[in-house]
Each structure stands twice: as C-alpha cells, then as structure tokens.
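Asks: Please find one structure pasted underneath; my questions will follow.
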Amino acid sequence: MKPISIIVAIADNLAIGKDNQLLWHIPADLKRFKALTTGHTIVMGKRTFYSLPLRPLPNRRSIVITDVPGEQIPGCDMAYSIEEAVALMDDDKENFIIGGGMVYRQFMPLADKLYLTFVHKDFDADTFYPAIDFKEWTEIQREDISDDGNLGFDYSYFTCERRK
Ligand SMILES: NC(=O)c1ccc[n+]([C@@H]2O[C@H](COP(=O)([O-])OP(=O)(O)OC[C@H]3O[C@@H](n4cnc5c(N)ncnc54)[C@H](OP(=O)(O)O)[C@@H]3O)[C@@H](O)[C@H]2O)c1
C-alpha cells in the first residue's frame, strides 16, 4: 500500500470551503501545510487546483484529478480517476491529499494518516468534510492553539493514524 495522508482544516460544523475558497486565513496553519508537504506529492481535485493562489504549488509534485478526458495542466501530472491518482503516487514517501470536498470523501477509506486542523467555530459554507468515525483512528499528536486576537477562534492540530 502506498502511504496516503490527508491534510485538511475543518470547522466545528465540518465546513471546509465556500465559493471555491477557504473560509479563514490562518498563517501558522499555512506554514505548517508548507512544511509538511514540501518535497512530497500532493493530490487534489481540479477545483482545489484552481483555488490555489500559486499554481502549481512550488517544490511539490502535483497530481490533479479531473473527469475531462485528456485534459492537461502545465506543471502537473493528471489523473482521470482515483485509481489513476493512486497509480501515480510515490511508493515510499507520504502522498498528501490536499482537497477538496469531493476528493477528500473518496480518499477517506484509502488514507492511513490524517493531519487535521480543527477550527473551533461554525462557518457558512458550500463544501463540507465527511463525518469522521474516530473509532477508526488513533490520535498520535494534538496541539491546542489559542486565538492570537486576530482570528476570532481557537484551533487545534490533530494527527491521527488508522487503527490496525
Ligand atoms: N479547508 C481545507 O483544508 C480545504 C482544502 C482544500 C480545498 N478546500 C475547499 O474545498 C472546495 C473545493 O472542493 P470541491 O469538492 O468543490 O472540489 P475538488 O474536490 O477540489 O475538485 C472536484 C473536481 O475534481 C475532479 N474529480 C473529483 N473526483 C474525481 C474522480 N473520481 N474522477 C475524475 N475527476 C474527479 C472533478 O473535476 P472536473 O470537473 O474537471 O471533472 C471535480 O469537479 C473549495 O472551497 C476549497 O477552498 C478546503
């Protein structure tokens, strides 16, 4: 099995996005995302690719998933199904699923590790993360971060591994 990790920031009500954008700006979380994913393969749906401020994200190999036959995006490897995305992944290095809702939903059964940022507030959204059954996961790291006065909410980092 190839190592598949999901990285996502989720609100209390499971909201993750609206109008093809994120719902918050958490500079420390973006730094953590960069530190974890740099040098790795990142896998995303086409909507998430086009939501990125810098495309493709530098110093990472991007796999973009689309249903449009033969579509190519410069600088990216293309996959036309979940199975094709898995076939393109690295064998011996963590592959990071970076969104969005449609792609997270399909990779949840395949992932062996979750890097969750839980944002402790409800948000109005059009894209949601699927409910997580924590009986299937073991928490291996947790860090609670208090609002620095600018965000309007606290948040927590959770790292979980799938129970064997
Ligand atoms: N909070 C977070 O951590 C986070 C992270 C990432 C994204 N987001 C948010 O999530 C939202 C985007 O999510 P989304 O659910 O709308 O879109 P998405 O998952 O990013 O992309 C959906 C697209 O991916 C392609 N696709 C997905 N599954 C496929 C399959 N099995 N086979 C072939 N193609 C497939 C299709 O592209 P085609 O239409 O080209 O066929 C589909 O329209 C945005 O608001 C974004 O900001 C949040």
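Asks: Give the number of residues within segment 127-164 that are open to solvent by 30 Å² or more (accessible area, probe 1.4 Å) and touching a strand residue (DSSP E or B) at 6+ places or on another chain (Cβ under 7 Å).
Replies: Total satisfying the criteria: 15.
Asks: Next question, about the same structure. If you check every pair at least six apart or on different chains, which have Cβ atoms under 7 Å apart with a residue in segment 96-111 that is in a loop (DSSP other than H, G, I, E, B) first and a residue that is among the small types (Gly, Ala, Ser) second?
Replies: Gly99/Gly45; Gly100/Gly17; Gly100/Gly45; Ala111/Ser5
Asks: Could we say that Tyr80 is buried (at least 17 other Cβ atoms within 10 Å of the Cβ) and either of a type in the set (Ser, Thr, Tyr) or farther than 23 Å from Ile16 by Cα (or both) here?
Replies: Numbers: buried (at least 17 other Cβ atoms within 10 Å of the Cβ): no; either of a type in the set (Ser, Thr, Tyr) or farther than 23 Å from Ile16 by Cα (or both): yes.
No.
Asks: Something else now. Condition first: over 23 Å from Ala28 (Cβ atoms), more than 15 Å from the ligand (Cβ to nearest atom) and modelled with pLDDT of 95 or more. Can you find one or more residues in segment 46-60 that meet it?
Replies: No, segment 46-60 contains no residue that is over 23 Å from Ala28 (Cβ atoms), more than 15 Å from the ligand (Cβ to nearest atom) and modelled with pLDDT of 95 or more.
Asks: Further question: Would you check which residues across segment 1-40 are open to solvent by 20 Å² or more (accessible area, probe 1.4 Å), away from the ligand (no atom under 11 Å from the Cβ) and outside any loop (DSSP other than H, G, I, E, B) and list them?
Replies: Matches in segment 1-40: Pro27, Ala28, Lys31, Arg32, Lys34, Ala35, Leu36.
Asks: Let me ask something else. When you look at Phe123, is it surrounded by 12 or more Cβ atoms within 10 Å (Cβ to Cβ) and not in a loop (DSSP other than H, G, I, E, B), yes or no?
Replies: So Phe123 fails the test.
The values are calculated or read from the model by the stated rules, or taken from the named source; none is laboratory data. Because the structure is predicted, anything quoted here is derived from the model rather than measured. Methodologically, a virtual Cβ is constructed for each residue, glycine included, from the backbone with ideal geometry; neighbour enumeration extends over all protein chains shown. Keep in mind that these areas ignore ligands, DNA and RNA; they rest on the heavy atoms of the full protein, side chains included. Shrake-Rupley method; radii C 1.70, N 1.55, O 1.52, S 1.80 Å.
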